[in-house]
Amino acid sequence: MMLDKIVKFLALLGGACVGALGGWDGVLQVLLVLMAVDYATGWAVALRGRSGKSDTGGLDSKAGWVGLLKKGVMLLVVLVAAQLDKAMGMAVFRDAACFFYMANEGLSVLENTALLGVPYPQRLKDLLTQVKSQADKDDEQ
């Protein structure tokens, strides 16, 4: 009986969150899948001792929490964008935010899998390096 109430509460909470994020559509699903895959491949990189996010290259709880915090903030931006769409009676800001973060997460997955030894064409590696160096320059400004 208690388990039934917990499941119903979690379903209600999940539905409210998804509704606030603009609904359960393909765009949100892809974003959440990419976030999960990025986090999982980040763990795999750290388990192999190749992470640039810790001094040792291995697992670091602080780096893990920072990664989760960043993903949480990304979802907050999607939430704000969905609410802007609702207020303006259009569907532009939420999808734009989702597509931006999908690209960001996709690049991170490529980086992680490359660190794990998954082969990629040299052109893709060069493009990834170029995008990464540009992002680093933008972060410094």
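The values are calculated or read from the model by the stated rules, or taken from the named source; none is laboratory data. This one's a predicted model, so the numbers in the text were calculated from it and none came from an experiment. Every residue, glycine among them, receives a Cβ derived from its backbone with ideal geometry; neighbour counts consider all protein chains shown. Please note that ligands, DNA and RNA were not included when accessible areas were found on the heavy atoms of the full protein model with its side chains. Shrake-Rupley method; radii C 1.70, N 1.55, O 1.52, S 1.80 Å.
Quick look at the numbers
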| read-out | value |
| --- | --- |
| Residue in the range 93-104 that is on the phi > 0 side of the Ramachandran plot and modelled with pLDDT under 95 present | no |
| Matching residues in the range 80-132 - criterion: being part of a loop (DSSP other than H, G, I, E, B) and farther than 20 Å from Val30 by Cα | Gly89, Met90, Leu116, Gly117, Val118, Pro119, Tyr120, Pro121 |
| Near pairs, Cβ below 7 angstrom, 6+ apart or cross-chain, from the range 115-132 (under 16 Å from Arg50 (Cβ atoms)) to any residue that is of a type in the set (Gly, Ala, Ser) and open to solvent by less than 90 Å² (accessible area, probe 1.4 Å) | Leu116/Ala44; Tyr120/Ala114; Lys125/Ala114 |
| Residue within the range 42-53 that is in contact with an Asp or Glu (Cβ under 8 Å, 6 or more places away or on another chain) and closer than 17 Å to Gly117 by Cβ present | yes |
| All positions within the range 73-127 that are surrounded by 13 or more Cβ atoms within 10 Å (Cβ to Cβ) and of a type in the set (Asp, Glu) | Asp85, Asp95, Glu105, Glu111 |
| Condition broken by Tyr39, with the remaining ones in (1) open to solvent by less than 30 Å² (accessible area, probe 1.4 Å); (2) modelled with pLDDT of 85 or more; (3) of a type in the set (Ser, Thr, Tyr) satisfied | (1) |
